[in-house]
Amino acid sequence: MKFTLGWLKEHLETKASLSDICDTLSRIGLEVEAVHDPAAKLGAFTVARVLEAEPHPNADKLRVCKVDTGRGVAQVVCGATNARAGLIGVFAAPGVYVPGSDFTLGQAKIRGVESAGMLCSERELELSGEHDGIIELPESAGARVGERFVDVMGLNDPVIEIAITPNRPDALGVRGVARDLAAAGLGKLKKEDAGYTAAGKFKSPVKIALDFKEEARSACPVFAGRVVRGLKNGPSPAWLQQRLKAVGLRPINALVDVTNYIMYDRCRPLHVYDAAKLKGPIAARLGRDGESLAALDGRVYKIDDAMCVIADANGALGLGGIMGGEASGCTEATTDVFIEAAYFDPLRTAQTGRKTGINSDARYRFERGVDPRSAETGVALATKMILEICGGEPSKLEVAGAPPPPREPIHFDARRVEKLTGAKIKPADAAGYLKKLGCDVEGEGAKLRVAPPSWRPDIHGVADLVEEIVRLYGIDHVPPAPLKPLDAAAAPGLTAPQKRLRAVRLTLAARGLVEAIGWSFISKADAEAFGGGDPAVELSNPISREMSVMRPSLLPGLLRAAAANLNRGVGEAALFEAGQIFSGDAPDDQRNAAAGLRIGLARPGHLGRHWDGAGAAGYIDAKADAAAALAACGFDPAKAAVTRDAPAWLHPGRSGALKLGPKTVLAVFGEIHPAVAKAFGLDGAVAAFEVYLDAIPEPKKKSSAKPPLPAYDLQPVRRDFAFVLDAEAPAGDVLRAAVSADKALIADAVIFDVFEGGSLGPGKKSVALEVTLQPREKTLTDQEIEAVSAKIVRDVRAATGAEIRT
């Protein structure tokens, strides 16, 4: 935000120096980034008159000029083609530094002729790039020969540039800055100019309306405007042009310059339409598919049904809060103008700006939140300036809709200031600061009811009021207070979830997977493919469509990363990620998870082709990775039941789940469903797993003393069993039932063969187990072995319905 010191003083009555003003601005949070003071570098240049301009005796292109400097007559050798007697220009005496040429003048002899000084061009003073001739000042400047050039031409007004945080749209107007300085005690805020307050002389021939459905009324709740007819458009006055140039704006014509001036003066963007180019009433509405706008920047923009537009019977005239259209713009031929002021929804304005890529001054203010109650004031100010500069006759004011209702007052205990900040500020002084900011304050003593002004959308609660009071009081006046020392320093350590994440990361990395760190938000289509996409987890203001929903799983991001690698020639990928997933907007809906995938020959132990001829990674590898992650969390994966009820995004015949009981899902594993893999740009099998770390029960606390290593001097006994059961029955159930038959004696059990068909008949399979019995105290007898074997057969039959194969 830029403004000149003179502009600021039109709103602020103060005798403070430029340095004091800048220091105060930075102290109250409006940080001064730069101060551009033309007088500092151009103060030594003066107005001078050329009395004579004779040809140089030794050079055809040079002239010898006699120059009245106001302190005598100086001889200057000049090469400008426009140097002539009577010209009023800018003179630099010997010893003056010329910024545009980066040298200091001295006495010189040019082609044998003495030259004591210089007549300057605009480029030499860094006023522009013009260097074809020396500066020619108007004849009125001739009465002030010898005076400083910056004083005569009004260039002695310093330009202050401040940084504005996104929560302070009110400071994007000069009056808002002046209000803050006055509240900080640096002067008195002058009475606000209300603009044109008369009723108007005729009914506006241009009618306005709001055309929104109920759910979209917030796009533009209020729309105001009026017609001024019989005016004469042209260049704006010199003071207005100079002020706009000082803040980096290019003067265009009086009508446009007025709207730009009010935008910077009051943070109230406006727009003017050539009334003769409008057809029928104009309305604020949502855009329609297929519409487009040829904007004032010379480009054509597509319009969609989420954008707010101003339109007449011919179509869109402008993008609300962004930019107007070229077809209805004002030119020097304009005689009747319609002034428009409206309040546009900040969020919708920001979204429209991102879609179109337009970065206008109006968008910059509307998306931060202009005063919603300033539409009528903006029209009144513009009307007054247009009548003064262009003449004309104003119509009655047209208003459609109404500004949003004022916010509820905040119940504020002024003693909270000291409690939150340590600053001892009297309640009366705290109330005084708030009143100077424009708040309505009621109440006595410390108990106050504070209604924030409409131009401060950032004040919502007690903490905001405390911040405003301390900001104006001066943070440098808040007494420093040391932190209370702790009795003992807290021992550094990780929480249980952090320890799990760390252990899982180390384990999966050791298994050959490479860690990827992805975004916590993905596209809605990717989320829906993995059972997500609920409206509760959609972002209100997403970076892009590809990052609009909080992820329900870690795998979509990994699949996108794998596809990106595949497109760059990396055929085998082994990736994992550990982080948060989201199933809703409640606190318990955020969970820690770890997921990974393997593609192609990226199997555990090696990557790519190998002499042992190992094939592509499959669901068995994914299960092993999931089991390793569970083990890293201190959970024995053998205690988890393997079921087939895996989610729909996994292959229905090559997937499973590891569960603890009927409801607690610890992990899922398998091959990604071919349709899902194809949607992510992957062909072939993708082995993947996801472990839900928060669902894993905490391991029992163990004593720090290690138990003795079990060592047995007795030979283990191994027995084979073959069971016949239904083909659809899980083989893992057979294994668990066999191991549980005698936990004290059975040390291990493994499946070494599965057979289907043949004499077993349809729908049956044979599962063969090798069970290891480890005697501890004495050698087992045949009767004891037979008893354990019978118990194994009995327990397997009870658990699965299997029969011993004969």
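The values are calculated or read from the model by the stated rules, or taken from the named source; none is laboratory data. Quick caveat: nothing in here was measured; it's all calculated off a predicted structure. Virtual Cβ from ideal backbone geometry, glycine too; neighbours counted across all protein chains shown. We work out accessible area using only protein heavy atoms, side chains counted, and drop any ligands, DNA or RNA first. Shrake-Rupley method; radii C 1.70, N 1.55, O 1.52, S 1.80 Å.
Considering region 204-247, and only residues there that are under 30 Å from L347 (Cα atoms) and open to solvent by 60 Å² or more (accessible area, probe 1.4 Å), the residue that is nearest to the chain's Cα centre (by Cα) turns out to be S218. Taking the numbered list (1) in contact with a strand residue (DSSP E or B) (Cβ under 7 Å, 6 or more places away or on another chain); (2) farther than 30 Å from V247 by Cα in turn, T46 passes all entries but (2). In region 333-347, the residues that are in contact (Cβ under 8 Å) with a residue 12 or more places away in the chain reach residues that are of a type in the set (S, T, Y) and surrounded by fewer than 23 Cβ atoms within 10 Å (Cβ to Cβ) with C-beta atoms within less than 6 angstrom, at least six apart or across chains, in these pairs: D345/S218. Looking at region 679-711, which of its residues are within 29 Å of K659 (Cβ to Cβ), assigned to a loop (DSSP other than H, G, I, E, B) and either touching a residue at least 40 places away in the same chain (Cβ under 8 Å) or more than 56 Å from the chain's Cα centre (by Cα) (or both)? The answer is F680, L682, G684, A685, I696, P697, E698, P699. Considering every residue within region 712-731, establish whether at least one is assigned to a loop (DSSP other than H, G, I, E, B) and among the aromatic types (F, W, Y). There is at least one residue in region 712-731 that is assigned to a loop (DSSP other than H, G, I, E, B) and among the aromatic types (F, W, Y).
Out of K424, K435, one residue alone is surrounded by fewer than 19 Cβ atoms within 10 Å (Cβ to Cβ), in a loop (DSSP other than H, G, I, E, B) and at negative phi. It is K424.
Restricting attention to region 65-82 and to residues that are assigned to a loop (DSSP other than H, G, I, E, B), of a type outside the set (A, V, I, L, M, F, W, C) and touching a residue at least 12 places away in the same chain (Cβ under 8 Å), the residue that is least open to solvent (accessible area, probe 1.4 Å) turns out to be T69. Meeting the requirement of 3 or more residues that are surrounded by fewer than 20 Cβ atoms within 10 Å (Cβ to Cβ), the strands (runs of 3 or more DSSP E) wholly within region 1-61 are 32-36, 46-56.
Is it the case that V300 is under 20 Å from D361 (Cα atoms), open to solvent by less than 60 Å² (accessible area, probe 1.4 Å) and either of a type in the set (S, T, N, Q) or under 29 Å from the mean Cα position of the chain (by Cα) (or both)? Considered against the rule, which asks whether it is under 20 Å from D361 (Cα atoms), open to solvent by less than 60 Å² (accessible area, probe 1.4 Å) and either of a type in the set (S, T, N, Q) or under 29 Å from the mean Cα position of the chain (by Cα) (or both), V300 comes out as no. All conditions in (1) open to solvent by 40 Å² or more (accessible area, probe 1.4 Å); (2) more than 30 Å from P269 (Cβ to Cβ); (3) in contact with a Cys (Cβ under 9 Å, 6 or more places away or on another chain) hold for R500, with the sole exception of (1).
Within region 354-402, the set of residues being at negative phi, open to solvent by 40 Å² or more (accessible area, probe 1.4 Å) and either among the hydroxyl-bearing types (S, T, Y) or in a loop (DSSP other than H, G, I, E, B) (or both) comprises N359, Y364, E367, R368, R373, T377, K396, L397, A402.
Condition check ((1) open to solvent by less than 40 Å² (accessible area, probe 1.4 Å); (2) part of a strand (DSSP E or B); (3) at pLDDT 90 or above) across all residues:
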{"position": "A617", "(1), (2), (3)": "yes, no, no"}
{"position": "D621", "(1), (2), (3)": "yes, no, yes"}
{"position": "A628", "(1), (2), (3)": "yes, no, yes"}
{"position": "H651", "(1), (2), (3)": "no, yes, yes"}
{"position": "K659", "(1), (2), (3)": "yes, yes, yes"}
{"position": "P662", "(1), (2), (3)": "no, no, no"}
